[in-house]
């Protein structure tokens, strides 16, 4: 009998985040997915990059909050880039 693959709860929540249709929903779920403050920089970078995708998608479907969602996508992108730059400088 084939063994059933367990689902990853965090991955499931990111999938849920990609399906939200309102900016307020995106804020709520992205906030719950935020890593611990002491998490590794790779974890934070992944979080910021995934957040960018969530907010970019919301900008397309929640047209009343289009510009605000784009702001949040840009904000998360900058944070990911700063972390990546910091990691490169540490090498």
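The values are calculated or read from the model by the stated rules, or taken from the named source; none is laboratory data. Just so we're clear, the structure is a prediction, and the values are computed from it rather than from any experiment. Quick reminder, even Gly has a Cβ in these numbers, built from the backbone with ideal geometry, and neighbours come from all protein chains shown.
So the values come out like this:
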quantity	calculated
Pick from region 20-31, criterion in a helix (DSSP H, G or I) and in contact with a helix residue (DSSP H, G or I) (Cβ under 7 Å, 6 or more places away or on another chain), ranking: nearest to residue 87 (Cα to Cα)	30
All positions within region 51-76 that are assigned to a helix (DSSP H, G or I) and either on the phi > 0 side of the Ramachandran plot or buried (at least 17 other Cβ atoms within 10 Å of the Cβ) (or both)	51, 52, 54, 55, 57, 58, 59, 65, 69, 72, 73, 76
Some residue of region 80-90 being surrounded by 11 or more Cβ atoms within 10 Å (Cβ to Cβ), modelled with pLDDT of 95 or more, in a helix (DSSP H, G or I) and in contact with a helix residue (DSSP H, G or I) (Cβ under 6 Å, 6 or more places away or on another chain)	yes
Close pairs (7 angstrom Cβ cut-off, 6 or more residues apart or separate chains): farther than 11 Å from residue 84 by Cβ in region 33-50, outside any helix (DSSP H, G or I) and modelled with pLDDT of 95 or more anywhere	43/35; 47/34; 47/35
